[in-house]
There are 2 protein chains.
Amino acid sequence: MKFTNSSHVIIFGGGLVGTLLGLYLARKGCKVDIYERRADMRKVQRFDGRSINLALSDRGWRALQSIGIGDEIKEISIPMYGRSIHNVDGTVSFLPYSKDGLCIYSVSRGTLNAKLLELLENEPNVAFHFEQKCVKVDFATTTATIQHMPTGEQFAVKADAIFGADGAFSAVRASMQKTDRFEYQQHYIDHAYKELNIEALPDGGFALDKNALHIWPRGHYMMIALPNIDSTFTCTLFFPYEGDPSFATLTTPEKVDDFFSKTFPDARPLMHHLEEDFFANPTASLPTIKCYPWTRNATSLIGDAAHGITPFFGQGMNAGFEDCTVLSEAIDNSESWQEALEVYQRSRKPNTDAIAELALQNFIEMRDLVSSPAFILRKKIEMRLQTLFPEKWIPLYSQVTFSKEPYSKALASGQEQDRIMQIVMAEEDIENQWQNDEYLIKIAQKVGII
Amino acid sequence: MKFTNSSHVIIFGGGLVGTLLGLYLARKGCKVDIYERRADMRKVQRFDGRSINLALSDRGWRALQSIGIGDEIKEISIPMYGRSIHNVDGTVSFLPYSKDGLCIYSVSRGTLNAKLLELLENEPNVAFHFEQKCVKVDFATTTATIQHMPTGEQFAVKADAIFGADGAFSAVRASMQKTDRFEYQQHYIDHAYKELNIEALPDGGFALDKNALHIWPRGHYMMIALPNIDSTFTCTLFFPYEGDPSFATLTTPEKVDDFFSKTFPDARPLMHHLEEDFFANPTASLPTIKCYPWTRNATSLIGDAAHGITPFFGQGMNAGFEDCTVLSEAIDNSESWQEALEVYQRSRKPNTDAIAELALQNFIEMRDLVSSPAFILRKKIEMRLQTLFPEKWIPLYSQVTFSKEPYSKALASGQEQDRIMQIVMAEEDIENQWQNDEYLIKIAQKVGII
């Protein structure tokens, strides 16, 4: 009999990754207890300043489809086929994500989480415990001390395996940090983010192209907007804490209005409650968290608890869901929790390090390069190279977003492509000749693509 | 009136840095409460696996002299004038630390700590609280929650300033880690250390030269020995956790004996309880800890709590003591705790980052390079350069150990010296000609030393 059968598993965190993991494990025969610090999100209204929409891409879809809710979620999500780039002069240009019409999907975190909770409630072996948090874990005995938050009462529960799916500020990881030789780092970039809104038109329509991810790249900072099914857009301003301009300088409604009018002239008129939102919504920090090992005996970290990353590649949730896929395969090929967790962490760690790096790189690309003519030309040439040599040239964005190749392979391949494209872009007359296939094939031969 | 006068200050940690800081602050008119997790070390025997002797050098002496206990400590310490290098063939060579007979001092951690405690007890404004630990700190109100460990009872104390001098695994820092935008990393090298002993001779004498720091460099690992006033030596083996040889392979008394006999042939016969010590003493890890900020409002970290470093430059305690010197000057030139702590952390952080880096570099030098003829030649040439151009050439070791120059300046200057010495060592016939001053002066001109 498989070791998972009748195993008792504790999962801390009832967010996206904790619930998906619960489903996977319940269907492998485990008895699952999920402990969530907060109240049931379906019963209480909350907005804690975390991004309320997400971009689902291939890695996320694979995980959702494997548990049979892909179609259901697709119905409540909005496809985005490319980046819509808003220049400071008001002009807009569109850069498709792929030559084949591939897309990513804007979906509400709340709706997705609620769906996963619903599914879990239909599983006979899963119990949900809200407003209960991890105090500490004794790794040697796989025993968690849990606190019932409304009463403060604490109790201990022993399990066959424990998972920390409790996010970037994981309590399970805090316990692990006290064990010897635990590698750990938390780093914050110099930018914060703030969520703002673009309202629906009076007729109920979308104020911008609904099938694009909108970007207002402005060098050292940027704003983005993703569509919601109620015809609004959620905007996120990624902006420095200090300097000029920065969150430190936008101190009054007048300054905010003035700054947005000048900097985001086409968006400003669509943001009817800008000043109110700006001062009501939190200015939230952007940590990157790395640690190792993820596993101590039969306790392991998963999702943001193991690898908190910045949101700039849209891969935070997708990476967490892929953790579940990788763990599930490791379990299927192992004889014990310890073996499965060891296989999982070893195979997964280099890839989550890679996506952390790629996410930081993509911030530079999005806020800075995306508005330069040379960058836009490079993207077009890359897409043409992909058309000509579909086996030889897969753009980095596609490798991350539209494939299941390991992130570490995408990172390495992206570095190689960078090297090659620097040579290509230095070719004489490239800006006028690139649409001439004969010319481009000659260059591809020269730089070793074919 | 100076803000420190009648300020109430809490210090967590009654180790070397906590007690020294307590003395500094008491003498500035503060009312000081020191809370120490452990029992009074003077009343209980303990050995917790931490190094029981230390190398005091200039930065440490300056701090001790400024509070008037320099001479007293010097009496119970042993000067070491250089490195005594023990080769695997049993030969020994001596490398002086400086051309002028400067030395570092081997001193017992316990004795030094007890002396500092005694001094503190003579201060009317200082109270000591043993077996009481920091649970958490509320930085906004400068209020600490403290637990009396024998009873488990918790209570809160508000202060004008709070210091975390509670070591590499600081509880004050753990509280700080939960605040937003706290940069933090802990990293462990692949080596552990284990303390061993060389006994005194039957006649009560030292079994090795008492005025040297002994090193058995063996490439990927090493053993060192420092003299104690009872004519013993404390040996420390720095050795990999994994691989062959490593702590993982030395699993039986026979294997330990065999390994030491072959690897440290001159030391082995002097270690009468080797096998017993080897399995009784802990295998201890070697963390490097970096964080920033050190200060939240009127709470600050100091010593290992702010910057845990590896012991390879003998600067852990010296750096912690220098923190006190820098903080003391910052207080004298400021109008409030907040201002003083801000000045202190800003000026100190680049220097503790530098000594962390220098310590890791020195591990490579000690275990690996110190036994190569080219390295020994280089040291000799550097000393000759210093004699010829005392203003222009101060070896890195001297800048760190025998000066009060900022560590960051020493690090930068060491990198420049590395670059220059690579050129010098590549000169034709350097190994035969370096004692010819005319030749050496010509080279010094060529590489820009003069």
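The values are calculated or read from the model by the stated rules, or taken from the named source; none is laboratory data. Please read these numbers as outputs of a predicted model, since none were measured by experiment. Every residue, glycine as well, gets a Cβ built from its backbone with ideal geometry; the counts of neighbours run over all protein chains shown. Accessible surface areas use protein heavy atoms only, side chains included; no ligands, DNA or RNA. Shrake-Rupley method; radii C 1.70, N 1.55, O 1.52, S 1.80 Å.
Just a few scattered comments:
- Any chance B:Val172 is under 25 Å from B:Ser285 (Cα atoms), at pLDDT 95 or above and of a type in the set (Val, Ile, Thr): yes
- When residues of region A:231-264 are limited to those that are assigned to a loop (DSSP other than H, G, I, E, B) and of a type in the set (Asp, Glu), the one farthest from A:Thr310 (Cα to Cα): A:Asp244
- Among the residues of this structure, A:Pro150 does not count as one that is within 27 Å of A:Phe321 (Cβ to Cβ), more than 14 Å from chain B (Cβ to nearest Cβ), in a loop (DSSP other than H, G, I, E, B) and more than 27 Å from the chain's Cα centre (by Cα).
- The one condition in (1) under 22 Å from B:Ser371 (Cα atoms); (2) buried (at least 16 other Cβ atoms within 10 Å of the Cβ); (3) more than 14 Å from chain A (Cβ to nearest Cβ); (4) not aromatic (Phe, Trp, Tyr) that B:Ser261 fails to fulfil: (2)
Each row is one residue, and each column tells you yes or no for (1) on the phi < 0 side of the Ramachandran plot; (2) out of contact with any Cys (no Cβ under 9 Å at 6 or more places or on another chain); (3) of a type in the set (Lys, Arg).
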| site | (1), (2), (3) |
| --- | --- |
| B:Ala306 | yes, no, no |
| B:Thr310 | yes, yes, no |
| B:Phe313 | yes, yes, no |
| B:Ser336 | yes, yes, no |
| B:Leu341 | yes, yes, no |
| B:Arg348 | yes, yes, yes |
| B:Glu357 | yes, yes, no |
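- Options B:Glu131, B:Glu121: the member that is open to solvent by 50 Å² or more (accessible area, probe 1.4 Å), within 15 Å of B:Thr19 (Cα to Cα) and either out of contact with any strand residue (DSSP E or B) (no Cβ under 6 Å at 6 or more places or on another chain) or more than 14 Å from every other protein chain (Cβ to nearest Cβ) (or both): B:Glu121
- For region A:184-206, filtered to residues that are out of contact with any strand residue (DSSP E or B) (no Cβ under 6 Å at 6 or more places or on another chain) and open to solvent by less than 60 Å² (accessible area, probe 1.4 Å), the residue that is nearest to the other protein chains (Cβ to nearest Cβ) is A:Asn197.
- Complete set of residues in region A:90-102 that are touching a residue at least 12 places away in the same chain (Cβ under 8 Å) and either at negative phi or among the hydrophobic types (A, V, I, L, M, F, W, C) (or both): A:Val92, A:Ser93, A:Phe94, A:Leu95, A:Pro96, A:Tyr97, A:Ser98, A:Lys99, A:Leu102
- Checking A:Glu195 against (1) part of a strand (DSSP E or B); (2) under 28 Å from B:Arg173 (Cβ atoms); (3) among the acidic types (Asp, Glu), the condition it does not meet: (2)
- Sole exception among (1) in contact with a Pro (Cβ under 9 Å, 6 or more places away or on another chain); (2) open to solvent by 30 Å² or more (accessible area, probe 1.4 Å); (3) away from chain B (no Cβ under 14 Å); (4) outside any loop (DSSP other than H, G, I, E, B) for A:Asp209, by number: (4)
- Scanning region B:212-230 for residues that are assigned to a strand (DSSP E or B) and surrounded by 21 or more Cβ atoms within 10 Å (Cβ to Cβ) returns B:Leu213, B:His214, B:Trp216, B:Pro217, B:Met222, B:Met223, B:Ile224, B:Ala225, B:Leu226, B:Pro227.
- Here region B:102-147 is the region considered, the condition is being assigned to a strand (DSSP E or B) and under 21 Å from the mean Cα position of the chain (by Cα), and the residue that is farthest from B:Phe402 (Cα to Cα) is B:Ser108.
- Put simply, of A:Val370, A:Val400 the only residue that is of a type in the set (A, V, I, L, M, F, W, C), surrounded by 15 or more Cβ atoms within 10 Å (Cβ to Cβ) and out of contact with any helix residue (DSSP H, G or I) (no Cβ under 7 Å at 6 or more places or on another chain) is A:Val370.
- Helices (runs of 4 or more DSSP H) enclosed by region B:1-101 - at least 1 residues per element that are of a type in the set (Lys, Arg) and surrounded by 14 or more Cβ atoms within 10 Å (Cβ to Cβ): B:58-66, B:70-75
- Annotation: of all residues in region A:270-306 being more than 14 Å from chain B (Cβ to nearest Cβ) and small (Gly, Ala, Ser), the one that is nearest to A:Ala225 (Cα to Cα) is A:Ala280.
- Failed condition for B:Phe321, given (1) surrounded by 19 or more Cβ atoms within 10 Å (Cβ to Cβ); (2) without any contact (Cβ under 8 Å) to a residue 40 or more places away in the chain; (3) aromatic (Phe, Trp, Tyr): (2)
- Residue within region A:157-165 that is away from every other protein chain (no Cβ under 14 Å), open to solvent by 70 Å² or more (accessible area, probe 1.4 Å) and either part of a strand (DSSP E or B) or in contact with a Leu (Cβ under 9 Å, 6 or more places away or on another chain) (or both) present: yes
- Residue match in region A:170-183 (condition: open to solvent by 10 Å² or more (accessible area, probe 1.4 Å), within 14 Å of chain B (Cβ to nearest Cβ) and assigned to a strand (DSSP E or B)): yes
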